[in-house]
């Protein structure tokens with residue numbers, strides 16, 4: 001394990017062991033691809049419609065290491081996400097893959113994938129956007145207004161649609 | 001043939017303190033290790049104590065939306081405290097993690113500023129504290145992102161995005177209450193008056209912080225004051241509120257000289273982990 005990678009890890013985050021070096025680039029990329037496939041099926045615990053890949057919190061995958069970054073510093077889902085990744089990797093036979101958390105560069109909503117944004121809108125949460133108004137996830141109207149700067153979680157604000165009168169959450173730009 | 005220099009006791013001590021991976025890429029920081037630990041403790045205690053204060057509003061705020069806002073602000077701050085106290089504990093090297101520092105220190109060992117430990121009072125007083133503190137904290141983290149200590153810099157870069165939002169939210173409320181009814185306006189004035197005497201302490205420097213400024217690790221807080229005064233002045237003008245005037249600042253939190261309020265806060269916060277040390281969530 002490299003010095004630079006090690007510097008940000010804590011005891012909580014390194015569960016795996018690494019007993020060999022898989023040096024062949026072919027084997028590495030095959031393993032990496034399969035690990036990516038495993039991660040694609042790990043949902044965000046608070047927004048189960050999104051995978052952790054949609055959310056953009058997986059920073060890199062190496063044959064022996066998955067690097068993730070937290071969304072908000074106080075997000076209670078951070079530990080739950082680590083536990084779900086661990087369980088998914090273990091179940092797929094990757095007990096020797098460590099999970100490492102890095103803070104830098106810090107997560108931004110720009111990393112939510114286009115698929116993730118579409119899933120959010122379909123789920124009833126307006127995706128993050130610098131636009132002044134949100135598109136109502138219920139009726140599609142752009143005639144919407146902010147009710148409160150925070151919604152049910154730190155990452156969302158509470159909005160209301162003037163056309164259909166339904167309230168909805170909007171992902172904050174972060 | 002030249003002889004090799006003798007190994008000095010301090011070289012041995014330095015080598016022993018290096019992390020398992022060997023922080024040999026950052027030898028310049030090593031001499032500031034204790035000061036950075038102290039610095040992280042101050043920043044972490046500020047975030048922890050204010051976070052705990054805000055959670056007292058949970059279920060008591062005037063509206064559901066405000067309840068959610070204050071709880072989410074508290075959550076962000078406690079997240080920042082976890083990172084900062086974790087760093088402080090690691091650098092201190094006595095085996096204390098963030099939880100040990102939060103729950104197993106007594107009041108005199110806390111290094112937070114006095115403003116964050118003040119009782120919530122009414123909603124306007126809570127908003128006054130949040131506005132003053134978040135405005136200061138946002139400027140501090142903004143500058144700390146460029147610290148020569150990478151761990152501090154990355155925590156600041158992450159936290160600043162959260163804190164800018166806190167400062168905006170609080171400023172919105174200062175304007176809304178100040179420019180609102182006669183009653184909300186008077187309460188906002190009283191809230192700002194209560195907290196004004198604790199503003200100077202936010203920007204106070206001491207030898208520890210000055211040494212870190214000289215090493216490009218810490219932030220020169222005194223230099224942040226004009227920007228802070230500018231923001232506060234603009235928001236209060238917008239809110240049609242007068243600038244509070246207080247003759248004398250109250251200081252001492254960074255040395256552990258706290259008001260009586262902090263002990264009461266800790267009694268609530270620390271009771272469970274102290275009474276049931278092995279309790280797990």
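The values are calculated or read from the model by the stated rules, or taken from the named source; none is laboratory data. The shown structure was predicted, so the numbers you read here are calculated from the model rather than taken from an experiment. Because the Cβ atoms are built from the backbone with ideal geometry, glycine has one as well, and the counts that use them run over all protein chains shown.
Select from segment A:113-147 the residues that are in contact (Cβ under 8 Å) with a residue 60 or more places away in the chain and part of a loop (DSSP other than H, G, I, E, B) and list them in ascending order. Result: A:113, single match.
Taken over segment A:157-174, the criterion of being at the interface with chain B (Cβ under 9 Å from one of its Cβ atoms) and in a strand (DSSP E or B) is satisfied by A:158 alone. Of all the criteria given as (1) surrounded by fewer than 20 Cβ atoms within 10 Å (Cβ to Cβ); (2) not assigned by TED's automatic domain parsing to the domain that holds residue A:45, the one not satisfied by residue A:128 is (1). So, residue A:113, is that one within 13 Å of chain B (Cβ to nearest Cβ) and surrounded by fewer than 15 Cβ atoms within 10 Å (Cβ to Cβ) or not? Criteria not met by residue A:113. Identify all residues within segment A:137-158 that are buried (at least 18 other Cβ atoms within 10 Å of the Cβ) and under 23 Å from the mean Cα position of the chain (by Cα); write none if there are none. Those that are buried (at least 18 other Cβ atoms within 10 Å of the Cβ) and under 23 Å from the mean Cα position of the chain (by Cα): A:137, A:149, A:150, A:151, A:153, A:154, A:155, A:156, A:157, A:158. Residues in segment A:88-103 that are in contact (Cβ under 8 Å) with a residue 24 or more places away in the chain and either in a loop (DSSP other than H, G, I, E, B) or touching a strand residue (DSSP E or B) at 6+ places or on another chain (Cβ under 9 Å) (or both): A:89, A:92, A:94, A:95, A:96, A:97, A:98, A:99, A:100, A:101, A:102, A:103. Give me a count of the residues in segment B:80-122 that are within 13 Å of chain A (Cβ to nearest Cβ) and in contact (Cβ under 8 Å) with a residue 60 or more places away in the chain. The number of residues fulfilling the criteria is 5.
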